[in-house]
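J.: Let me begin by handing over the structure; questions about it come next.
The values are calculated or read from the model by the stated rules, or taken from the named source; none is laboratory data. All values derive from a computational prediction rather than experimental measurement. A quick note on method: Cβ atoms are made from the backbone with ideal geometry, for glycine too, and the neighbour counts reach across all protein chains shown.
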Amino acid sequence: MKARKKPVVVDVFRWVTEMGEVGPIKRKFVGHVIETLEGDMIVSDGDWVIKGVKGEFYPCKPDIFAQTYEIVEE
């Protein structure tokens, strides 16, 4: 048996530490740690931060992001 993952559009942003002013979402990640459903994870420069379907956030390495997601026009 096989299954295909349902296409879901999620909010994402690229994490860069020298961004200067950060918005309210980025302020949640004090010390570059994200509290995920699976536990605390560290977000590194260049990682993508993804907002999941239940409103949770989690980091994604750029190579995995490129294999799994594509940026869509709003």
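J.: Name the pairs: first residue in the range 38-64 and in a helix (DSSP H, G or I), second residue surrounded by 12 or more Cβ atoms within 10 Å (Cβ to Cβ), Cβ to Cβ under 8 Å, at least 6 apart or on different chains?
T.: Listed pairs, sorted by first residue: Pro62/Gly46; Pro62/Asp47; Pro62/Trp48.
J.: While we're on this one: Going by the structure shown, is Thr17 modelled with pLDDT of 85 or more and among the polar types (S, T, N, Q)? Break it down stepwise before answering.
T.: Values: modelled with pLDDT of 85 or more: no; among the polar types (S, T, N, Q): yes.
So Thr17 does not fit the description; no.
J.: Another question, then. Can you name the residue in the range 1-17 that is not in a loop (DSSP other than H, G, I, E, B) and not hydrophobic (A, V, I, L, M, F, W, C) and is also farthest from Gly52 (Cα to Cα) among such residues?
T.: Thr17
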